[in-house]
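> Starting off with a structure, shown below.
The values are calculated or read from the model by the stated rules, or taken from the named source; none is laboratory data. Given the structure is predicted, the values throughout are model-derived calculations rather than measurements. Using ideal geometry, Cβ is built from the backbone for each residue, glycine included, and neighbour counts are taken over all protein chains shown. When the accessible area is computed, the model is the full protein with side chains, heavy atoms only, and any ligands, DNA or RNA have been set aside. Shrake-Rupley method; radii C 1.70, N 1.55, O 1.52, S 1.80 Å.
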Amino acid sequence: MKLFSYKLVLSIICVNLANVVCLSKFSLDSWNEKVIWKLENKNKTISVAGSVPGAVYSDLQKSGTIGDILQGFNDVLTRWIAYDSWTYTGKFNVSAKNLENAVAQLVFEGVDTVAYIELNGRSIGSTNNMFVRYVFNVKQYLQIGENELKLSFESPVKFAKTRSEKYFTAPDCVPDIYNGECHANQIRKMQASFSWDWGPAFPSVGIWRSATLEFFNGAVIRSLTTHTEKRDSSWFLITKVYLQTGENIKRIKGNLSLYLSVEGHQTFKAGKYLDVATRDDGTIEAEIDMSISSNLITEWWPNGYGDQRLYNLLVFLTTTEKDREISYKHAKIGFRTIELVEEDAALVLGNNTTAGHGLTFYFKVNGYPIFMKGSNWIPSNILPEIGENRKTINNLLTAARDAHMAMLRVWGGGIYESDYFYRRCDELGILIWQDFLFACSMYPVDPDFLETVKTEIEQNVIRLQHHPSIAVWAGNNENEVALRGNWYNTKSEFEKYKREYITLYVDTIKPIVEGIDPGRRYLVSSPSNGHKSEEDGYIAQNPYDPNYGDTHYYNYLADSWDSNIYPQTRFASEYGFQSLPSIKTMRTATNRTEDYYVESNYSKHRQHSPAGYSFIEAQINRRLNLDKNDTKYFEKFVFYSQISQAMAIKTETEFYRQSQSNWYTMGALFWQLNDVWQAPSWSSIEFGGKWKMLHYFAKTFFAPVLISPRLTKTGDVDIYLINDRFVPIIDAKITVDVFNWSSLAPIRSKSYPADVGPLNTRMQATFTLWNAENKDEFFLRFFLQAEGVPSSPYNYLFPVPLKNAKGLKKPNISITVQKRDDKNNGVNKFKININVDTVIIFLWLEADSVDGKFEENGFVVTEANFIVDFTTQDAITAKELEKSITYQYYLQ
Ligand code: BMA
């Protein structure tokens, strides 16, 4: 039996087999027409239709009570919403048959955040953590016929403030420039919903994930975890099943059976009879083990290293009480080993070098050391209920895949993402560095807070554990370094804060994570020195120590296109530069022409990073020539900010990839992949999905095989060959072509023999800039020819800042478009032919009226004719596309 259509199979079993009933579930989500939800404010002056999943800002938007929250200054103009108290009331019917069941449980997968819950006028409990699943036993509160469920939400801003009066912990508030709210650390809610340096504050309330009523006599399977271990020629699989029944039942009896599909259409089956006592809350776990010959399993690999083979795992619980009820859970699991290797660096690098001091920090997947290429993920929407949108998640994750990323870090100020998110990561081969949700703050440790954190960690580790994509857990974002660096004026109470830090991340969170998931490393913080931080009592003297663990590095003052400014690291888990979103994306936030100035109130309002624009401007001015009096100054500022960001991250990323050879750097995750609104930020993809130049560049600078030049301090060019493949590159040839700025033919070429081992980087040769005086007259292009390497992109090096380049000419460009025949999945493909008469730097194509994507962009053009593909789902003709194409490029 093929298990992929498991839902269909189950519904057939549930409907047709005598004496078998599937657990009866009644969805309280708004798609179910039998439930009516209403949303009201405190004094009932607002009463509109409510949604589940949903929340207050999206419901008020839907009802027309407020406009688009991301327009203009609407973030602050709608802030009153976060200060009011809101009520969601749902009405639905329950039948006599439903109530014949011994247990009725009301399950909320996510309530944001502080709510008091009543059913038919009687209190059934409360919530205080949006990351927790709440289960209430409600049989005694339900009635035949109409029922009313009411969730009264407290203002999260007021709640956080009140708690901070009792349990204050630093910081006092976010910087004024964030237009944010204070004390997010007091409430277990998406920390960025109180504002961030890339995002607005929308401190929402609502039932942000699904709600269900479940009726049963036996028990339900809530979750499962899977532990896979390779032993000789077998894979050993331990499946732990998390069961729950009503508090009044005390025992679970029934058959637990497990089906695992493996290679060759085979299905493994295992099972056991259960008769177990539950805890007071009705929960208990059961385990089923099996061993599978490894020739029936294909290993799961990260993107770029192999396939992402996944196998269906289906677990049934058939209770023997009454009707032989069935509860089931399905997961797709992968088999792979992963290890974070922290061993004496001298063993790998020799102890004569600075690099040989300290510990390595790299991931081994299926036994192979893999350099982690990727980025950092922030929530895909500032409203968490919309952040579950599959199309947006899928677009972002496939964009990461297309740029050769193998790892994303789900950053600690966001959310534990949806099941869909992690499933797509499994399918696309994107490993996840999962932070726990504590970021840029000290946190309270009073008993209530710790209690809810325990439940949160336990539930989320159990929910996510079976995903092969999860690579590592980290306790928080930047809280170790914030305490050590006195970011929030905590110095005078350092010992107290240190004790609290240890209470939360070491004494509370660590044992829970390691207990549920012994197979993965728990890092206490990011960045940290890994084992060394632990040895040093968890707050290292220098959490940025380049010889240990991971680092975050930001420097907006030095020349970001110069490799020599970047410090070495074992693993760069954050680094970035800001740019502005395109005019197209900005238009979705404002149409007022007066907003399109760097100094406009609108522009200031959207920039949350202190001195953000002046850093962008300073970076642009170091390398490019932008005239303040240019009539198109703002458009050019936007465009140049994207060039500057793309080149900076290219330089820094290649520096890290090069450093695999001499410094054993093993990861480069730039900050940040995505955006939550139309504003300047560090993202490579704009809000709405448009790729910045950086994301196009990432496709190249993360290429599996890359020649990468480094202009050294002495002015020479070291040429590296980077090889992310399992096979070596031998007998290859690197060609360096020297171009002057106005000729499409190289004025000189030089070749070097090249070779490099598998999964490795090696410096190949040094090119001497032969005539130091006229360095401003030329640039270099690098090209690899190697058997078995079908594509390795060109790379370029500009010896002087482009503003000093001599000879760049205004080009003549002609563009024609033809339709490609191969149409699949409703996607139209076009071939764009580009003809030019001179060198062009950063040719940037746009087709703003069409919703589509160029295959490549931001070209350094050294060929007279070239082709780029364009894909769109819009039904347009080649001529229409041709007309809509506009372009920009850099010219002094
Ligand atoms: C780091 C991140 C984020 C922040 C980014 C840019 O601190 O962890 O908190 O948005 O840098 O400042």
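> Would you please name the residue that is least open to solvent (accessible area, probe 1.4 Å), looking only at residues in the range 114-158 that are basic (Lys, Arg) and touching an Asp or Glu at 6+ places or on another chain (Cβ under 6 Å)?
Checked the range 114-158; the qualifying residue least open to solvent (accessible area, probe 1.4 Å) is ARG133.
> When you go through ILE502, ILE512 one by one, which is the residue that is open to solvent by 10 Å² or more (accessible area, probe 1.4 Å), among the hydrophobic types (A, V, I, L, M, F, W, C) and either assigned to a loop (DSSP other than H, G, I, E, B) or in contact with a Lys or Arg (Cβ under 7 Å, 6 or more places away or on another chain) (or both)?
Every option except ILE512 fails the conditions.
> Another question, if that's okay. Quick check on the range 464-499: of everything there that is in contact with a Leu (Cβ under 8 Å, 6 or more places away or on another chain), more than 16 Å from the ligand (Cβ to nearest atom) and in a loop (DSSP other than H, G, I, E, B), which residue is most open to solvent (accessible area, probe 1.4 Å)? Can you show your working first?
So in the range 464-499, the residues in contact with a Leu (Cβ under 8 Å, 6 or more places away or on another chain) come out as 466, 468-475, 490, 494, 497-498.
Now drop any that are not more than 16 Å from the ligand (Cβ to nearest atom), which leaves 466, 468-473, 490, 494, 497-498.
Still in the running and in a loop (DSSP other than H, G, I, E, B): 466, 468-469, 490.
Values: HIS466: 33, PRO468: 4, SER469: 0, THR490: 2 Å².
Filtering the range 464-499 for residues that are in contact with a Leu (Cβ under 8 Å, 6 or more places away or on another chain), more than 16 Å from the ligand (Cβ to nearest atom) and in a loop (DSSP other than H, G, I, E, B), the one most open to solvent (accessible area, probe 1.4 Å) comes out as HIS466.
> While we're on this one: Among the listed residues LEU383, LEU428, LEU349, LEU396, which satisfies the condition of being over 18 Å from ASN460 (Cα atoms) and at pLDDT below 95?
LEU349
> Follow-up. List pairs: first residue in the range 591-613 and under 11 Å from LEU580 (Cβ atoms), second residue aromatic (Phe, Trp, Tyr) and within 16 Å of the ligand (Cβ to nearest atom) anywhere in the structure, Cβ distance under 6 angstrom, at least six positions apart or on different chains.
Going by the 6 Å Cβ cut-off, the qualifying pairs are VAL598/TYR613; GLN607/TYR613.
> Inspect all residues belonging to the range 253-274 and state whether any of them is within 27 Å of SER24 (Cβ to Cβ) and out of contact with any strand residue (DSSP E or B) (no Cβ under 9 Å at 6 or more places or on another chain).
For the range 253-274, residues within 27 Å of SER24 (Cβ to Cβ) and out of contact with any strand residue (DSSP E or B) (no Cβ under 9 Å at 6 or more places or on another chain): absent.
> Residue under question is ILE249, and the condition is that it be part of a strand (DSSP E or B), in contact (Cβ under 8 Å) with a residue 24 or more places away in the chain and of a type in the set (A, V, I, L, M); does it hold?
Judged against the criteria, ILE249 is not a match.
> Quick check on the range 814-853: of everything there that is among the polar types (S, T, N, Q) and not in a strand (DSSP E or B), which residue is modelled with the highest pLDDT?
Restricting to residues being among the polar types (S, T, N, Q) and not in a strand (DSSP E or B), the top hit is THR838.
> Then there's this: Considering TYR443, TYR420, which residue is over 20 Å from GLY530 (Cα atoms), modelled with pLDDT of 95 or more, within 16 Å of the ligand (Cβ to nearest atom) and of a type in the set (Ser, Thr, Tyr)?
Criteria check complete, one pass: TYR443.
> Need pairs with beta-carbon distance below 7 Å; first residue farther than 20 Å from HIS357 by Cβ and within the range 652-675, second of a type in the set (A, V, I, L, M, F, W, C) and assigned to a helix (DSSP H, G or I); sequence gap 6+ or separate chains.
Short answer, once both residue conditions are applied: THR653/PHE701; GLU654/PHE701; PHE670/ILE649; LEU673/LEU396; LEU673/ALA400; ASN674/LEU396.
> Being modelled with pLDDT of 95 or more, out of contact with any helix residue (DSSP H, G or I) (no Cβ under 9 Å at 6 or more places or on another chain) and not in a strand (DSSP E or B) narrows it down to one of LYS803, LYS879, so name that one.
Details: LYS803 fails: out of contact with any helix residue (DSSP H, G or I) (no Cβ under 9 Å at 6 or more places or on another chain).
Within the list LYS803, LYS879, the selection yields LYS879.
> Still on this structure, please answer the following. May I ask you to say which residue of ASN381, ASN366 is within 28 Å of ASP419 (Cα to Cα), in contact with a Lys or Arg (Cβ under 6 Å, 6 or more places away or on another chain) and touching a residue at least 60 places away in the same chain (Cβ under 8 Å)?
ASN366
> Test LEU759 against the stated conditions and say whether it is open to solvent by less than 30 Å² (accessible area, probe 1.4 Å), over 24 Å from TRP561 (Cβ atoms) and not aromatic (Phe, Trp, Tyr).
The answer is yes for LEU759.
> Restrict the check to the range 164-173 and report whether at least one residue is of a type in the set (A, V, I, L, M, F, W, C), crowded, with 24+ Cβ neighbours inside 10 Å, farther than 23 Å from TYR88 by Cα and within 16 Å of the ligand (Cβ to nearest atom).
No, that holds for no residue.
To keep it simple, each residue is scored yes or no on (1) over 30 Å from the mean Cα position of the chain (by Cα); (2) modelled with pLDDT under 95; (3) not assigned by TED's automatic domain parsing to the domain that holds VAL114.
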site: LEU3; (1), (2), (3): no, yes, yes
site: SER30; (1), (2), (3): no, no, no
site: LYS34; (1), (2), (3): yes, no, no
site: VAL52; (1), (2), (3): no, no, no
site: GLY64; (1), (2), (3): yes, no, no
site: LEU70; (1), (2), (3): no, no, no
site: ASP75; (1), (2), (3): no, no, no
site: ARG79; (1), (2), (3): no, no, no
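> Would you confirm whether or not the range 196-209 contains a residue that is hydroxyl-bearing (Ser, Thr, Tyr), at pLDDT 95 or above and either in a strand (DSSP E or B) or open to solvent by 30 Å² or more (accessible area, probe 1.4 Å) (or both)?
Looking through the range 196-209, none of the residues is hydroxyl-bearing (Ser, Thr, Tyr), at pLDDT 95 or above and either in a strand (DSSP E or B) or open to solvent by 30 Å² or more (accessible area, probe 1.4 Å) (or both).
> A further question on this structure: Give the residue that is surrounded by the most Cβ atoms within 10 Å (Cβ to Cβ), with candidates limited to residues of the range 254-278 that are within 36 Å of the chain's Cα centre (by Cα) and not in a strand (DSSP E or B).
By that ranking, first place goes to GLU263.
> Further question on the same structure: Only one residue in LYS161, LYS240, LYS189 is away from the ligand (no atom under 16 Å from the Cβ), touching a residue at least 40 places away in the same chain (Cβ under 8 Å) and open to solvent by 20 Å² or more (accessible area, probe 1.4 Å), so which one is that?
LYS240
> A further question on this structure: Across the range 862-892, what is the total count of residues that are open to solvent by less than 40 Å² (accessible area, probe 1.4 Å), over 31 Å from the mean Cα position of the chain (by Cα) and free of Cβ contacts under 8 Å to residues at least 60 places away in the same chain?
3
> Based on what the data block shows, is LEU808 part of a loop (DSSP other than H, G, I, E, B) and either at pLDDT 95 or above or under 39 Å from the mean Cα position of the chain (by Cα) (or both)? Even if it seems obvious, please write down each step before you answer.
Details: part of a loop (DSSP other than H, G, I, E, B): yes; either at pLDDT 95 or above or under 39 Å from the mean Cα position of the chain (by Cα) (or both): yes.
Against the criterion (part of a loop (DSSP other than H, G, I, E, B) and either at pLDDT 95 or above or under 39 Å from the mean Cα position of the chain (by Cα) (or both)), LEU808 qualifies.
> Sticking with this structure for a sec: Is the range 622-638 home to any residue that is at pLDDT 95 or above and within 16 Å of the ligand (Cβ to nearest atom)?
No, the range 622-638 contains no residue that is at pLDDT 95 or above and within 16 Å of the ligand (Cβ to nearest atom).
> Same structure again: Condition first: surrounded by fewer than 23 Cβ atoms within 10 Å (Cβ to Cβ) and within 14 Å of the ligand (Cβ to nearest atom). Can you find one or more residues in the range 682-690 that meet it?
no
> What is the number of the single condition among (1) buried (at least 18 other Cβ atoms within 10 Å of the Cβ); (2) assigned to a loop (DSSP other than H, G, I, E, B) that LEU340 does not meet?
(2)
> Is there any pair linking a residue in the range 64-84 that is at positive phi to one that is at pLDDT 95 or above and part of a loop (DSSP other than H, G, I, E, B), with Cβ under 9 Å and at least six apart or on different chains, and which?
If the second residue must be at pLDDT 95 or above and part of a loop (DSSP other than H, G, I, E, B), the pairs left are GLY72/ALA589; GLY72/THR590; GLY72/ARG592.
> Does SER210 satisfy the criteria of being of a type in the set (Gly, Ala, Ser), closer than 29 Å to PRO379 by Cβ, within 16 Å of the ligand (Cβ to nearest atom) and in contact with an Asp or Glu (Cβ under 7 Å, 6 or more places away or on another chain)?
no
> Quickly run through the range 410-425 and pick out the residues that are free of Cβ contacts under 8 Å to residues at least 40 places away in the same chain, closer than 17 Å to GLU109 by Cα and in contact with a Leu (Cβ under 8 Å, 6 or more places away or on another chain).
Across the range 410-425, the qualifying residue is only PHE421.
> Next question. Of the residues GLU299, GLU287, GLU247, which is within 34 Å of the chain's Cα centre (by Cα), over 30 Å from GLY374 (Cβ atoms) and open to solvent by 40 Å² or more (accessible area, probe 1.4 Å)? Steps first, please.
Values: GLU299 fails: over 30 Å from GLY374 (Cβ atoms); GLU247 fails: within 34 Å of the chain's Cα centre (by Cα).
Being within 34 Å of the chain's Cα centre (by Cα), over 30 Å from GLY374 (Cβ atoms) and open to solvent by 40 Å² or more (accessible area, probe 1.4 Å) holds for just one of GLU299, GLU287, GLU247, which is GLU287.
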